[in-house]
Structure formats: structure tokens, C-alpha cells
1. Write out the trypsin sites (Lys or Arg not before Pro) in region 334-378 meeting two conditions: DSSP loop, and at most 16 other Cβ atoms within 10 Å of their Cβ.
2. Find out how many positive minus negative residues lie around G68, taking Lys and Arg as positive, Asp and Glu as negative, among other residues whose Cβ is under 15 Å from that of G68.
3. For each of E416, E96, count neighbouring Cβ atoms within 10 Å of the residue's Cβ, then give the residues from fewest to most.
4. Can you run phi through the Karplus equation (6.51, -1.76, 1.60; θ = phi - 60°) for region 351-360 and list ³J(HN,Hα) in whole Hz, with x for Gly and Pro?
5. How do Y457, Y417 rank when sorted from fewest to most other Cβ atoms within 10 Å of their own Cβ?
6. Provide the net charge surrounding L287, with neighbours chosen by a C-beta distance below 11 Å and charges set as Lys +1, Arg +1, Asp -1, Glu -1.
7. For M532, what residues show an amide H to amide H distance below 5 Å, using hydrogens built from the backbone and excluding near sequence neighbours?
8. Can you compute 3J(HN,Hα) from phi for each residue in region 274-289, using the Karplus curve 6.51 cos²θ - 1.76 cosθ + 1.60 with θ = phi - 60°, rounded to whole Hz and x for Gly and Pro?
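Throughout, read-outs are computed from the coordinates displayed, never taken from laboratory work. Note that the structure is a prediction, hence the values are computed from the model and not measured. Quick reminder, even Gly has a Cβ in these numbers, built from the backbone with ideal geometry, and neighbours come from all protein chains shown.
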Amino acid sequence: MPNGTGNGVGGWLNQLPLAAAVIAPYGHAHAWNSEAASLMGWPGSTPPRLGEPGAAWLTRIDAAVTAGGSGVVLISRSRRNGRRRVIEVRASRHGEHDLLVVLRDCTKQVSQRSGQKAELRRLRQFVDQLSDMVGDHAILMVDDEGRLTGWNRGATQMTGVAPNQAQGLHLSSLLTLSAEDIAVLLRDAADEGRMETDTSVRHSDGSTFPAHLAVAPLSPAHASAPTFAVVVHDLSEQLRAEESLRRSEDQLRHAQKMDAVGRLASGIAHDFNNVLTAIQGHVQFLLDDLPADLPSRDDAEEIRKAADRATELTRQLLTFARKQPSRPVPLSPNSLITEIEKLLRRLIRADVTLDTVLDDVPNVLVDPGQLEQVIVNLVVNARDAIGREGAITVTTSTLDLEEIYSARDLRLTPGEYVMISVGDTGEGMSEDTQARIFEPFYTTKPEGTGLGLSTVYGIVKQSRGHISVYSEAGRGTTFKIFLPVHDAVERQHEVSEARTDVHNGTVLIVEDDDAVRALAKRTLESKGFAVMEASDGEQALRIATGTGTVDVIVTDLTMPLLNGDELVARVRETKPDSGIVMMSGFSEASLVREGRIREQGHFLEKPFTPSALIAVVRKAMPRAHQSSTKST
């Protein structure tokens, strides 16, 4: 039976509902109750010892009581069955030196806390291990209030916040979500097992970036200290890639649309050239026959002028379709701009200033007249875009376009380019206008033809370059032209001398357009040539292989049944010495580049004049025929 030591406390200790004892500073118990004996396993009559003399915990708790009137420590004790127990000891002063202690078994609570700490350590270790596998993700651990308890290296790299700074922070300090939103997110994650959302993350430098969150509980919802894992994925690069893909798709659609419009324009120009050829040829016949003082001669002259203007329009269409003849030479863009600067200043108004900022740039390979046309057109457009007063700036610079930049944004082969920029401070353009600005016949001007910028587009593309436009309504427009730097290798030009000493012979005209074929026949017969006709390739082949003499074959390239190139190849098998003249509304250079002309011969571009037809037929006449005719 627990008893006192003469101090009369044993009785009232037994009345307490708690395990209690009075102990000396050196650890012996003077009195204790039955709860204390049961808890500590003390024998009934032998004075027990709670701690050894000089034990650290006795010294510590005695000092705490002396300083503050009470103290608390945890001690570990082994029972006779070998099990260890954790005892909470709460003490206060009893008498002058002794301590009144209340004892409580905390083994279960301490074990739970130890398990939670061990689990937390394992989770942190797991999070750190994940860092090596998903370095581009931030992995956070938060408690049920949303405060950070764990932080991986990826989180530090993503946010710029060190682990010691992150510990204890609320998740709302890192995300643009409010504390209320985060509480709902955690609660839903606990109920559903997983929740995801998009938000923005704050960086330590004050910036934000888009991110995707995945939240999942790491412990049961009924746990005393629920823990959640928050995985953060930075969406910046993904969104940039999606935006780049969207721009590329827009550019591809635009390129496809422009290509389709170009094919349509070239087809229209091809057919229209046949009509113009007939008009110009017959007008020339009229002018040759009409006396100079006849009033109707003026009408014929007006028809010829109208046909010439229509011919220029078809050339613009063909330039847009990149099928107009071009004579590129190595050229300094700075020299060209300097030469035409006075012309440009005369084209703009007095209230518009023109500035040129020309870097030291290398040569480009371009047709000088076409590049001049491009710059003049852009400057005139800039002038028209400026209301009352403003400025136009023409600049040149050199750019080395890398693979990624060129492929994604300009659709150009990587390499060195000269950039010519024409910018203005005018009214600017809407996005819809920018999307259609290079289409033929699209214009924002009341009296415009809509062929100016489409011609510019065609010239630049034909020169293996690129043109782009950037504009904002009310803030001006800038056109940028990218032309590849010329490698300065001297090109060899084959010059064919025109032979005018050729006498007449037999010519086969192959043309599916009746008016053009009739014009060609009349023109050649007027100069003494014998002329045979064919309206398609197969008919021409029968004539060419079935007759004794065909000195020159003049054939349209685009023919029904058998095209001109195929016809010539078949004729060459039996008549290798026949002269060849190919006709087309497209330029010879574009047709060769596209592989549509493989046979060697002469070329006649539509629309043509009677004199041009006669000249090219004489050049194509075989030399053997020339010699025989000279000797007769």
C-alpha cells in the first residue's frame, strides 16, 4: 500500500484521480498513490526511485520549477515485461526542496507523432528523389491548411524561393489563387482523391508564369495531420510552342492561299495573253495599212495603247505569280536607295519627311528595276497612309537567320540576309487588312487596282526572299524585305547573237488559240515563209513527221493531247535539225526552274508583236537552210 514518510501526504495523494508522487531532488519518492505505483510498476512498501541522483532530466525540471514555478519533461522507462513507456512528468515545488509530480503515460501519442515524423521524412525523401526524374516540375507538400511542409529542388528552380524561406509559407503566397480557393482545392482533393487546375505562379523576382497544378492527398482524410502533394508544371514553354505552332499554321494557310491565288492569277494572265497577242497583232496590221492622215488611225493608236496597258497588268499578275522575266545581277541595296532617294523625295508630300538609315550591307542578287519598283511602291503606300504629316524611314541591315528562327517565322533557308525596311507613322492597318494586303485586286484605296503590293510580293518571292508586314491601327506600318546575300560568284551569261541574214523557210505553227494561230500565220506569210498549222500536239506530230521539210516549229507550251515540250522531244527523234521556238505567257526562267521546258530552243513570250515573232523565227532557222538559201 503506498504510504508517506511522515510528512502526511500519502492519504491525500490517493484521493487524486491522477498518478502523483512527491520526490526528492535526487529522485527518491517520499510518497505516491496507487495510480503512480500501477503506472510505474512500483512495489507496495519499498520507497521507489523515479530517477537516479544527478539525472539530467531531474536537474532540468528542478531548474525549471525554481525559475518558473513548474516544469515538464518526458522520460522513458522500461517495465519488467521489457516494454518501454514514455512518461510525461509535470512538476511543481512541494515544501522547500521536494517536487510534486503528476505522471501521464504518453507512449501512444509519442509513438503516433514519431510515426508521423518518420512518414514525413519518408515523403520528403520521396519528393527529393522525384526531383531527379521530373526536374521540370515543382513538387510541394502542404498540410490541410495549405502551408508548405516540403519543397523539392525543382520548386526552388521554378520559383527562386529557397527551402528555408518556403517552410511554413501558405500556398497562396506562391500562387495567384486565394486562400479560400486553395482550401476548396484541398478539400476537393481529399474527397475525390485528385484535383487539377490551371493558375499562375509567382516568381521571387515579382514576375508570374502560367502553370498546371495537380493536388493529391498523401495521407487519409481522417488522419490527425493530413498531408497533400502539389505538383506544379510550368506551362510557359508549352504555351510558347503552341503559339509558335499557331503562327506557323497561320503562315502555312496564308502561303497556301497566296499560292492558290497565284495559280489563278497566272492562269488568267496566260489566257489573257492570247487575247492580247491577237489584239496587238491585228492593230499593228491596221497601223501598217492605214494612211497617216486618216482619222481612224487615231482610233487604232488608242486601241494599241489600251492593249499595252492591259499587257502591263498581265505582267503584274505574272510578277505576283513569280513567272515574270527577271534579270538579276549582283547589286548593292544601299547604292540603289541612294540613287533613287531624290525620286522618292519628289514622290512624297512636303509635310512628310524621309529618312534613310543605311548600314554597311553586302550585295544581293536581284533585278535592279524590280527592286526599285518594290521600294518606290512601298514608299508611295507609306505616303498615302500618312494623314497630315509624318515620317517615312528606309533602313538596311544584315541578319544571320538561324534554323529555328527562319523555319518558324520567315520560311526561309538559314543563312545571311539583307533586310530592307520601310516604315511609316501613318494610320496603320487592321489584322484583317494585313492578312489580305498582298492579294491581287485587294485594295483599301478608292481608285487602287490592288496590284501594287501583290507585285511587290511576287518580286521578292521570285528573288528567293521574304516580305513581312507589322502594323497597329493608329501607330503606323513597317514592311520588312529579306533578300539572301549574294555570294559574289561571277555568273557566266551565254549571249546568243541575233542572226538577221536568214532567208525564208517552212514553219509549223502549233497553237490551240485560233486567233493567235491566225495572227502568227498571217505575220509569217507576209514575210515569205511557208506556214503549216496545227491546233493540238498530236496533229502537229503527224504533220512534222509526215512531211518532207519543217525548218522551224513554233509551238505553245501548254497544248491539248500533247504539250509543247513533249511534242518537241518526239519531233527530235526524226528531225533533229529542226529549229524550235517555245511560246508561253510565263517567263522562260520560271518555266525552266519548274522543269516545264527541257528541250533546247528559242523562246517567245506572250503577248508578242509580229516583229518579235519574225525575229525569233529567223534566229531559229537551221544554218543548213541559211547556207543553201544564200547560195541560190
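1. Those satisfying the criteria are R349.
2. Charge balance near G68 sits at +2.
3. E96, E416
4. 8, 10, 9, 10, 10, 10, 10, 10, 6, 6
5. Ordered from fewest to most neighbouring Cβ atoms within 10 Å, Y457, Y417 come out as Y457, Y417.
6. Summing Lys/Arg as +1 and Asp/Glu as -1 gives -3.
7. Placed amide hydrogens put V507, L508, I509 under 5 Å from M532.
8. 4, 5, 5, 4, 5, 4, 5, x, 6, 5, 5, 4, 4, 5, 5, 8
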